[in-house]
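Asker: One structure coming up, written as structure tokens, with questions to follow.
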Amino acid sequence: MKFSLFVHMERWDDQVSHRQLFENLTELTLMAEAGGFSTVWIGEHHAMEYTISPSPMPLLAYLAARTTTIRLGAGTIIAPFRHPLRVAGECALLDVISNGRMEVGLARGAYQVEFDRLANGMPATEGGKALREMVPVVRKLWEGDYAHDGELWKFPTSTSVPQAHRHPTDLDRRARPRLAQFRRGQRLQRDGHAADEGR
């Protein structure tokens with residue numbers, strides 16, 4: 001059995017500084033590694049003290065330098081708020097910094113207040129469209145040259161620099177039947193079968 005730790009800088013008391021929360025998160029991660037935990041996960045949320053994590057990448061890069069064995073997971077990167085080239089490159093760079101300990105989860109997003117601020121008011125229920133488009137694009141960027149002409153993103157031939165050897169996990173804690181169907185389709189595509197992506 002493997003154990004993982006999911007942490008944020010959660011601020012309940014304005015007398016506690018953000019620096020102290022950062023130090024607490026670091027201490028929890030070091031304790032988890034010493035206790036044999038397999039992975040520490042840090043999510044993405046915006047404009048809220050409840051989950052202070054506008055990007056998991058700076059925290060994970062810092063923790064990569066402080067740890068040696070625990071895997072480092074972006075859990076999750078919100079697909080509607082990001083561009084696939086940026087996601088592929090940042091995750092791959094974390095893989096390099098951590099010497100291959102990167103894990104990544106991609107999600108559709110949850111809170112409408114974040115969509116109001118970062119996605120021009122897109123209904124949060126439509127975030128799955130970005131997730132379904134992004135997962136295969138990030139994989140292809142990690143494989144090499146790839147041009148994309150999708151519904152949400154379009155870009156000329158590009159490659160993730162650096163490259164990563166791990167594939168993203170299409171995580172979404174609020175998994176719905178369409179997402180489950182999409183996941184099955186992604187597994188079928190990896191195995192060389194035709195797939196219905198559940199659009």
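None of the figures in this text is laboratory data; all of them are computed from the coordinates on show. Being a predicted model, the structure only gives us computed values, none of them experimental. All Cβ positions, even for glycine, are placed from backbone atoms using ideal geometry, and neighbour counts span all protein chains on display.
Asker: For K140, list the lysines whose Cα falls under 23 Å from its own Cα; do not include residues on the same chain fewer than 8 positions away.
Answerer: Partners within reach: K129, K154.
Asker: Mind grabbing the base-10 log of I(q)/I(0) for the stretch 1-109 at q = 0.14, 0.18, 0.20, 0.22 Å⁻¹? Debye formula, identical points on the C-alpha positions, no solvent, two decimal places.
Answerer: For the stretch 1-109 at q = 0.14, 0.18, 0.20, 0.22 Å⁻¹, log10 I(q)/I(0) is -0.53, -0.87, -1.05, -1.22.
Asker: Ranking request for peptides 38-51, 82-95: highest mean number of other beta-carbon atoms within 10 Å first, then the rest in descending order.
Answerer: 82-95, 38-51
Asker: Give me the distance between the Cα centres of the stretch 50-71 and the stretch 1-46, rounded to whole Å.
Answerer: One Cα centre to the other: 9 Å.
Asker: Can you give the FRET efficiency to the nearest 0.05 for F155 and A65, using r as the Cβ-Cβ distance and R₀ = 25 Å?
Answerer: 0.20
Asker: Also, quick follow-up: What FRET efficiency comes out for the pair H83/M48, r = Cβ-Cβ distance, R0 = 22 Å, nearest 0.05?
Answerer: For H83 and M48, the calculated efficiency is 0.45.
Asker: Then there is this: In the stretch 33-51, whose amide N lies under 14 Å from the spot 7 Å out along Cα-to-Cβ of D14? List them in ranges.
Answerer: It comes to 49-50, nothing else.
Asker: Using amide H atoms built in the peptide plane, which far-off residues or other-chain residues are under 5 Å from S158 H to H?
Answerer: Result for S158 returns Y146, A147.
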